[in-house]
Amino acid sequence: MIDAEGFRANVGIVICNNQGQVFWARRFGQHSWQFPQGGVDEGETPEQTMYRELHEEVGLKPEDVEIVASSKHWLRYKLPKRLIRRDSSPVCIGQKQKWFLLKLRCKDEDVDLLHTHHPEFDDWRWVSYWYPVRQVVSFKRDVYRRVMKEFAPFAMPFNKREQQGRDTNWRQRR
């Protein structure tokens, strides 16, 4: 779904473990790494899209994660001119994204990037919380910085919050 300004509706997914690290995935057959993301289909809510993309790209089910927070606003980035397909209609000039912070509830071994015939990613790893902001492709960097800043109070580190018995106090309302 592309809006009147040329931005495609999309969701982004930040998955954290108990150590406050984030899931970082390598795009299939490429050298670039990013968070899982995907377009909102007609009739889908952003949350429904997030769960669909989580399964398609990472092989996880809703019960494998907990939604901790979602971005307050849609965050936008423009595509570099070389990536804009002028022959398509409507023309997409960038993406507007609703972001979700998830806590992983299953084992690392449950992640299955290759369960589909058209995998998005071929490798993944846990990285420090701020690492993706420095490493993502440049045109996504500002959005990554903004979403990580927004989610930081909820993501640092989960295990300490739970040990202090405040597990129910830090969950952001959606």
| query | Give me the pairs: first residue in segment 132-156 and of a type in the set (G, A, S), second residue surrounded by fewer than 17 Cβ atoms within 10 Å (Cβ to Cβ), beta-carbon distance under 9 Å, and six or more apart or on different chains, which are they? | reply | S138/P80; A152/W130
| Take the residues of segment 47-98 that are of a type in the set (D, E) and out of contact with any helix residue (DSSP H, G or I) (no Cβ under 8 Å at 6 or more places or on another chain): which is modelled with the lowest pLDDT? | D87
| message | Of all residues being basic (K, R) and at pLDDT below 85 in segment 139-174, which is surrounded by the fewest Cβ atoms within 10 Å (Cβ to Cβ)? Just the residue, please. | response | R173
| Does segment 121-154 hold any residues that are closer than 18 Å to K98 by Cβ, within 14 Å of the chain's Cα centre (by Cα), part of a helix (DSSP H, G or I) and among the hydrophobic types (A, V, I, L, M, F, W, C), and which are they? | V143, V147, M148, F151
| Taking H73 and the conditions (1) within 18 Å of S32 (Cβ to Cβ); (2) out of contact with any Leu (no Cβ under 8 Å at 6 or more places or on another chain), which numbered condition does it fall short on, given that it satisfies the others? | (1)
| Could you say whether any residue in segment 13-33 is small (G, A, S), out of contact with any Gly (no Cβ under 6 Å at 6 or more places or on another chain) and within 25 Å of P153 (Cα to Cα)? | yes
| field | Number of the condition not met by K107 [criteria: (1) at pLDDT below 95; (2) more than 19 Å from R26 (Cβ to Cβ)] | value | (1)
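Condition check ((1) of a type outside the set (A, V, I, L, M); (2) in contact with a Cys (Cβ under 9 Å, 6 or more places away or on another chain); (3) surrounded by fewer than 18 Cβ atoms within 10 Å (Cβ to Cβ)) across all residues:
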| residue | (1), (2), (3) |
| --- | --- |
| A69 | no, no, no |
| S88 | yes, no, yes |
| K103 | yes, yes, no |
| E109 | yes, no, yes |
| E120 | yes, no, no |
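The values are calculated or read from the model by the stated rules, or taken from the named source; none is laboratory data. Just so you know, these numbers come straight off a predicted model, no measurement behind them. Cβ coordinates were reconstructed from backbone atoms using ideal geometry, including for glycine residues, and neighbour counts include every protein chain displayed.
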